[in-house]
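Notes follow once the structure below has been shown.
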Amino acid sequence: MYILGVTSCPVGIAHTYMAASNLEKTAKKKGLEIKIETQGAAGVENEITKEDLKRADGVIIASDVRIKNAERFDDLPTLTVGVSEAIKDAEGIIKELLEALE
Amino acid sequence: MAEIKRKTKKKSQGAFLRDSIMTGISYMIPVIVGAGVIQAIAKAMGGYDIGNHMDQIDTLAKAIMLLGQNMMNYVVPVIAAFIAYAMADKPGLAPGFVMGALAGAINTGFVGGVVGGIMVGYFVLMLKKIKVPKAIQGIMPILVYPVVTTLVCGLLMYYVVGRPISWFMAWITSGLMALSGGSRFVLGAVIGAMICLDHGGPINKTAALFVNGLNADGFLIPTSAKMCAGMTSPLGIGLACFIGGKKKFTESEREQAKSLFILSCCYVQEGVIPFLMKDPVRVAISCCTGGAITGGLCMMLGLESPAVHGGAFVIAMTSNPLLFIGLWLLGGCITGVLYALLRKPLPEGYEESEEDIVSII
């Protein structure tokens, strides 16, 4: 199982990275492979590549703004949530994605 | 996109609008912070009223002021353009910039820019739905969209929508000018309490949007209320951890408290969120009390801050740095003492488990 994610928030200095690290930690605990791209004030970091997209099973977008290059995920099952939800309940989101994938 | 339908929530039109406005704000923030700080540097070099006698001098301070003023002129165009961009993608940008510039020309300010951006967004979305023959498809985005959108939305704004907005802005402006000491305190206290309620959540963002809008339109006093109040929360909770000591706070919380002091200086309130999540009511009460008192006093005493963000690094640029520091510490102490008192002691023989540690940044 390989999950991709994008996090982003309006100011882009705290929530973006908190959401990313929470999702990463939770996925690791569940033994899932995950890669989170952050779109913060510094622009795109840890960018998702074409190879990632080919291997991925599902996508989580945790954002309060319109994210860049959303069309990349057109062919993948995508779950869109608010950024604060990923900070508070990363476990629930990953669970919801897994359930939807089955 | 193969959208996964959520069982509980669905994306409404309201959420679409809110996300778009937030996108606009996220592009606007570097512009408004940069412009505010640069102008403040110029004021520090060439006197606080440098803006009034720009044509009589030719110094480095003037050049810097010129940069800052020009950057400030882009604040409203950028938010208008990027709201339209978030809604309608690339074709929204050009007309969006024009709507922002128009807002400056017809005195509708920040509100005019936001409304203009939304108008452009919806109009372009509508235009995109029109089916045209293949032959002219290519010229739609480079010729038809920018010309038609700008003409229609621009004229609509100039003759119709802009009128009530400019009256509204004039009303707000004169209202703020005429506020007496007591009502200024109330307004500042409301701003401070909202800022300190959810630390970067929707209520905080609403208050910040209002204050930043006023800042873009040249009202600098509410900005100090917002920033100073926001800085009290991490300071206060950090202090509470030391006042409360081992009996009330866990090892990891007291460890986090150290970073809270640094976050307070940087005006990053988000460090309080882990505390807020574990103990929502008490943290919110303490933070709001400290924030409201600081915010209210900032407004009442007329403390101006040209920079909307930057924390301790821009204190020197406020109209009265010592007062700012005083109010910051005052609010922090109120929040700190209050939370140290309100907080329940840890249960006897409390052992920390891995799960309790919510890491931050």
inquiry  = Given points 7 Å out from each Cα along the Cα-Cβ axis, report the residue A:55 to residue B:344 separation in nanometres with one decimal.
reply    = 4.6 nm
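Would you count, across segment B:50-181, every pair of lysines whose alpha carbons are under 25 angstrom apart, provided the pair is eight or more residues apart or spans two chains? Intermediate values should be presented prior to the final figure.
Working: B:90/B:128; B:90/B:129; B:90/B:131; B:90/B:134.
Lysine pairs satisfying the spacing and distance rule in segment B:50-181 number 4.
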key: Stretchable slack from residue B:131 to residue B:148, in nm (0.36 nm times residue separation minus alpha-carbon distance)   = 4.5 nm
Under Karplus coefficients 6.51, -1.76 and 1.60, residue-wise ³J(HN,Hα) of segment B:175-181 in Hz, glycine/proline x = x, 5, 4, 8, 4, 8, x
query = Amide H neighbours of residue A:60 under 5 Å, counting only residues 5+ apart in sequence or on other chains, H built in-plane at 1.01 Å?
reply = A:4, A:5, A:6, A:79
task = Could you name the lysines whose alpha carbon sits less than 16 Å from that of residue B:344, not counting residues in the same chain fewer than 8 places away?
result = B:246, B:247, B:248, B:278
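Peptide B:23-31: average number of partner chain Cβ atoms within 10 Å per residue? Show your work: numbers first, answer last.
On the way: counts 8, 3, 4, 12, 3, 1, 5, 3, 0.
Mean number of neighbouring Cβ atoms from other chains: 4.
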ask   = So who's got an amide H within less than 5 Å of the one on residue B:200, skipping anything under 5 residues away but keeping other chains? H placed 1.01 Å off N, in plane.
value = B:205
ask   = Can you list residues whose amide H is under 5 Å from residue A:40's amide H, if they're 5+ apart or on another chain and H is modeled 1.01 Å from N?
value = A:45
task = In whole Hz, with x marking every Gly and Pro, tabulate ³J(HN,Hα) for segment B:221-234 from phi via Karplus 6.51 cos²θ - 1.76 cosθ + 1.60, θ = phi - 60°.
result = 5, x, 4, 5, 4, 5, 5, 5, 5, x, 6, 6, 4, x
ask   = Which residue, B:85, B:339, B:145, has the most motion in a Gaussian network model of chain B that connects Cα atoms within less than 10 Å?
value = B:145
request  = Kindly count the pairs of lysines across chain A whose alpha carbons are less than 15 Å apart, treating pairs on different chains or eight or more residues apart as eligible.
outcome  = 8
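Filter the trypsin sites (Lys or Arg not before Pro) in segment B:85-134 down to the DSSP loop ones having no more than 15 other Cβ atoms within 10 Å, then list what survives. Write down the numbers at each step before the final one.
Working: sites: B:128, B:129, B:131, B:134; in loops: B:131.
Those satisfying the criteria are B:131.
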Separation in nanometres of the label points that stand 7 Å from Cα toward Cβ, at residue B:173 and residue B:252 = 5.2 nm
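Going by average Cβ neighbours within 10 Å, how do the peptides B:212-219, B:255-262, B:68-75 rank, with the highest at the top? Numbers along the way, then the final one.
Values: B:212-219: 21.0, B:255-262: 17.2, B:68-75: 18.9.
Result, highest mean first: B:212-219, B:68-75, B:255-262.
Given N residues in the protein assembly as shown, what is Rg(Cα) / (2.2 N^0.38 Å)? Don't skip to the answer; put the middle values down first.
On the way: Rg = 23.7 Å, N = 463, 2.2 N^0.38 = 22.7 Å.
Normalised Rg, Cα atoms only: 1.05.
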Cβ neighbours within 10 Å from other chains - mean over A:65-73 = 4
query = What ³J(HN,Hα) values, in whole Hz, does the Karplus curve 6.51 cos²θ - 1.76 cosθ + 1.60 give for segment B:32-45 when θ = phi - 60°, with x put for Gly and Pro?
reply = 6, 5, x, 4, x, 5, 5, 4, 5, 4, 4, 5, 5, 7
inquiry  = Between B:220, B:323, B:346, where does the largest GNM mean-square fluctuation fall for chain B, given springs only between Cα atoms within less than 10 Å?
reply    = B:346
request  = Per residue of A:5-18, count partner chain C-beta atoms within 10 Å of its C-beta, then hand back the mean as an integer.
outcome  = 5
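Any read-out appearing in this document is the output of simple, stated calculations on the displayed coordinates, not a laboratory observation. This is a predicted model, so every value here is computed, not measured. Glycine also receives a Cβ, built like all others from the backbone with ideal geometry; neighbour counts cover every protein chain displayed.
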